[in-house]
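These notes concern the structure reproduced below.
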Amino acid sequence: KKADAALKEFNKIVAIDPNDFVVWTEIGSAYFRTDKPFDAEASYNKALTLKPDFAPALLNLGKLYLSQKKLDQAIDVLSRALATSPDSADVNQYLGEAYLQTKKGSKAVPLLNKAIELAPIDKADIHLRLATLYNGANLKDRAVIEYKAFLQKVPNYKDKAGLEKYIQDNQPK
């Protein structure tokens, strides 16, 4: 949580071993957390130059691009991450989100569902994202399914009553 101190230590390590792609990834993450996207990108790219298939660097670079709305770059990098780590819930989620933001829901939904499958509790909030999408597309029966699935996993949700009302009002007849 102390990015500046971490950066000093990480820089000592890469001064000794400039080929430590794991540390370059950590340097990128420290820069990302301290809102230094240019430095974060350079560090992630250094890690990927050293090990092109290093999934944590690919994921974090993809998240960086997603945060900057560089969606085509995010999709490219996250697709590479998916090729190396198809069972990563995070990779599936962030690639799905990148596709959603480019209005490619048919590519996004299977990835988001895979993220839920891989980490049902940790990724339960994706049900809310999908329900919102389905509601916006006037597919209320699908939104109901997502809200029900979410409430099964998060029964003490703060707006449980609101979701239950939506479910009751939009239940297929």
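The values are calculated or read from the model by the stated rules, or taken from the named source; none is laboratory data. Remember, predicted model here, so these are calculated numbers, not experimental data. Cβ: placed from backbone, ideal geometry, glycine included. Neighbour counts: every protein chain shown. Heavy atoms of the whole protein, side chains included, go into the accessibility calculation; ligands, DNA and RNA do not. Shrake-Rupley method; radii C 1.70, N 1.55, O 1.52, S 1.80 Å.
List the number of the failed condition for residue 107; all other conditions in (1) in a helix (DSSP H, G or I); (2) touching a residue at least 12 places away in the same chain (Cβ under 8 Å); (3) more than 28 Å from residue 18 (Cα to Cα) hold.
(2)
Pairs, please: C-beta under 8 Å, at least 6 apart or cross-chain, first residue over 18 Å from residue 59 (Cβ atoms) and in contact (Cβ under 8 Å) with a residue 12 or more places away in the chain and in the range 18-39, second acidic (Asp, Glu) and open to solvent by less than 60 Å² (accessible area, probe 1.4 Å)?
Final answer for the pair search is none.
Just to be sure I understand the filter: pairs with C-beta atoms under 8 Å, separated by 6 or more residues or on different chains, first member in the range 76-94 and within 13 Å of residue 60 (Cβ to Cβ), second member charged (D, E, K, R) and part of a helix (DSSP H, G or I). Which pairs pass?
94/63
In the range 156-164, is there at least one residue being over 22 Å from the mean Cα position of the chain (by Cα), modelled with pLDDT of 95 or more, under 23 Å from residue 93 (Cα atoms) and assigned to a helix (DSSP H, G or I)?
yes
Quick one: residue 73 ticks every box in (1) under 29 Å from residue 35 (Cβ atoms); (2) modelled with pLDDT under 95 except a single one, so which number is it?
Condition (2) is where residue 73 drops out.
Find the residue count for the range 114-134, including only residues that are part of a helix (DSSP H, G or I), out of contact with any Leu (no Cβ under 8 Å at 6 or more places or on another chain) and not β-branched (Val, Ile, Thr).
9
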